[in-house]
Amino acid sequence: MKYKMKNILWAIVALLVISACNNKFETTANGTQYKIIKTDENARMVAEGDNLHIHLKGVLERNDSALFDSYKNNKPYYIPAGEPSLKEVFAVLKKGDSAIFKIYADTLYGNFGEGLPPGVKSGDIITFYASLLDIYNPAEMQEKIDAQNKEFEVKDSIALSSFLSGLTDVKQTSSGLSYVVKTAGKGKSVKKGDKVTVKYRGALLDGTVFDETKESSPDFTFTVGAGQVITGWDEGFLLMKEGDKYQLIIPWTLAYGSRGSGPIPPYATLVFDVELIKVN
């Protein structure tokens, strides 16, 4: 451990020395200044159409405050090599390169089609610290996405099986919707086109709550079968009548699919505890 720490310290010192000795910044056509620290001259070069797996830290030069930092949580970004603001810098990088580049905030956020974020002023300069971890051409990127999606799908399937094994009196429809009747009501049955008023609590399979009706807010109202809600809800509420309380276990195919939505990740089965208050 002592020797390993010593080697790490020497590597950091070497990087600082190289950076200090190479103070000259190059300038791209759009005015972005950059300095590259090479790690391997024979490494793969970025090509048009590539996707980059890259660590980025953006620092507001005016007050030395970090705007974003993928190093901090070790969650590097996937960015197209053709990203408008940075493509000229990305084009000169090789796999394994580290780089420092400076870009005007107006240029960066203008290409995003957004206004400047809070705390950033027109004319400000943002300094990027970058480490290019890997490069993927479109075919390689699609292969990686497919493998990741399969991993998400398998993970969800395993979690769903475990969740269902802990329930009793589970029923399932032909579409894959599972449900448990918690309380049987005695009111009017739901038909397609009915307007219903409901209370609900939505969670992931691990119990993380992502949405729910509040006592201080009105109950949720929607028209069944009109496509106003996810498919699993339209199907689930057609099974219910006024006064019913169900637990709906909705597979990702009937929820937010392979893309997810907001706090809901891709390929996520959702668990809704629902109460049907009124049918109109």
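Each eigenvalue of the Cα gyration tensor of the stretch 168-279, multiplied by 5 and square-rooted, gives one semi-axis; in descending order these are 21, 16, 14 Å. Ordering of 162-174, 93-105 by packing is 93-105, 162-174, highest average first (other Cβ atoms within 10 Å, averaged per residue). Pairs with C-alpha atoms separated by more than 26 Å, drawn from the list Lys24/Lys57; Lys87/Lys121; Lys87/Lys150; Lys94/Lys155; Lys94/Lys121; Lys38/Lys150, are Lys87/Lys150; Lys94/Lys155; Lys94/Lys121; Lys38/Lys150. Taking the helices alone, the chain has a mean residue ellipticity at 222 nm of -7500 deg cm²/dmol, built from -39,500 (n - 2.57) per DSSP H run of at least 4 residues and averaged over all its residues. Can you give me the angle between helix 138-165 and the longest principal axis of the chain, using Cα atoms only, in degrees from 0 to 90, rounded to the nearest 10? Long axis of 138-165 versus the principal axis of the chain: about 40 degrees.
The chymotrypsin sites (Phe, Trp or Tyr not before Pro) of the stretch 192-251 include none that DSSP puts in a loop with a beta carbon having at most 14 other beta carbons within 10 Å. Here the contact order of the chain, divided by its residue count and restricted to Cα pairs under 8 Å and six or more residues apart, works out to 15 percent. Mean silhouette area of the stretch 120-166, derived from the convex hull of its C-alpha atoms and averaged over all directions, reads 7.2 nm².
Taking the longest Cα principal axis of the chain as reference, the axis of helix 2-21 is set at about 60 degrees. Eigen-decomposition of the gyration tensor built on the alpha-carbon atoms of the chain gives equivalent ellipsoid semi-axes of 51, 22, 18 angstrom, largest listed first.
Throughout, read-outs are computed from the coordinates displayed, never taken from laboratory work. Only a predicted model underlies this, so the values are computations on that prediction, with no experimental measurement involved. No Cβ is skipped: glycine too gets one built from the backbone with ideal geometry, and neighbour counts run over all protein chains shown.
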